[in-house]
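Okay, structure first, notes after.
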Amino acid sequence: MKPILLFDIDGTLLHVRKKFLHEVIHQILKEFKLTSVSLKNRSFAGRTDRDIFSELILEHSQTDDLYDSISSRYISLMTENLSATDVEAIDGIFGMIEFAQKHDLHIGLCTGNYREVAQAKVEAIGLEGTFLFGGYGCNHHDRIHLPKLAKLEYQDVFKRTARAEDFIIIGDTPNDIRCARHFGARVIAVTTGSFSFDQLTDHKPDLILDSLEEPDKWMPKFTTTNQK
Ligand SMILES: [Mg+2]
């Protein structure tokens, strides 16, 4: 079986401009009177939206209702306001998608983003309709459970069975590598996010790349093995 690719979004396919994201988060904190929450010294890379928002309200009377209200407000603000100017596609990703399509590789998402936010982000770089299945950060706190959800959705969409080892996760953080290993997939790490080559090496991905450019040079390693 040809490998099935699962892409992370932030730091792998694109970057959302920090200014836009900070404005959205600050607006939410203000609206929900969580002004004592500081965003300083918090790392969001590789984490799920569910985990991030649960943490932000942790010091306040945390309730499911508050979490639900905040997350739906965040989804509205992101989907209504995110435009192409707020997002920067990472070099090489269009060529990578083209390569996958040319070689009939199925491509989905494995992202900490809420499903609606994930779609808004990929739409903002013109890739709407490209990723037909995925595992999303609305479904679980911990990213390690997302590949399995992506697999279930893949099987549902394509009406075929897939094994964990058929999947290749492509992401920019140690958490992407961790979730791939937990699931049993192979993993390609890219240094286009906030982690360096050395930092990613420590987590032993199958391959580390500086960018997804020139996939014809490194993808054959994955497409010519594990065939069944
Ligand atoms: Mg990422």
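Observations on the structure shown:
- Computed over the chain, relative contact order equals 27 percent, with contacts defined as Cα pairs under 8 Å that lie 6+ residues apart.
- Residues whose amide H lies under 5 Å from that of ILE4, counting only those 5 or more places away or on a different chain, are PHE167, ILE168; hydrogens are built 1.01 Å from N in the peptide plane.
- Annotation: peptides 121-132, 20-31, 101-112, ranked by per-residue average of other Cβ atoms within 10 Å with the highest first, follow the order 101-112, 121-132, 20-31.
- Highest to lowest packing among 204-215, 189-200, scored as the average C-beta count within 10 Å: 189-200, 204-215
- As a rough guide to protection, the peptides 1-10, 84-93 ranked by mean Cβ packing within 10 Å, highest first, stand as 1-10, 84-93.
- Taking amide H positions as modeled 1.01 Å from N, with prolines and chain starts lacking one, the residues under 5 Å from LEU109 and 5 or more places away or on another chain are PHE7, PHE133, GLY134, GLY135.
- Mean ellipticity per residue at 222 nm, deg cm²/dmol - from DSSP H runs of n ≥ 4 across the chain, formula -39500 (n - 2.57): -12000 deg cm²/dmol
- In order along the stretch 67-77, the Karplus-derived 3J(HN,Hα) couplings, from 6.51 cos²θ - 1.76 cosθ + 1.60 at θ = phi - 60°, round to 4, 4, 5, 5, 5, 6, 5, 4, 4, 4, 4 Hz, and Gly and Pro are given as x.
- Loop-resident trypsin sites (Lys or Arg not before Pro) (DSSP state other than H, G, I, E or B) in the stretch 140-178 with no more than 14 further Cβ atoms inside 10 Å of their Cβ: LYS159, ARG160, ARG163.
- Value of relative contact order over the stretch 16-84, rounded to a whole percent, pairs C-alpha under 8 Å and six or more apart: 39
- q = 0.08, 0.10 Å⁻¹, the chain: log10 I(q)/I(0) [Debye, one scatterer per Cα]: -0.28, -0.44
- Take every pair of alpha-carbon atoms less than 8 Å apart whose residues are at least six positions apart; their mean separation over the length of the stretch 109-217 yields a relative contact order of 18 percent.
Just so you know, all these numbers are worked out from the coordinates, no wet-lab data involved. The structure presented is a predicted model; accordingly, all values stated were derived computationally and were not measured. Backbone-built Cβ (ideal geometry, glycine too); neighbour counts: all protein chains shown.
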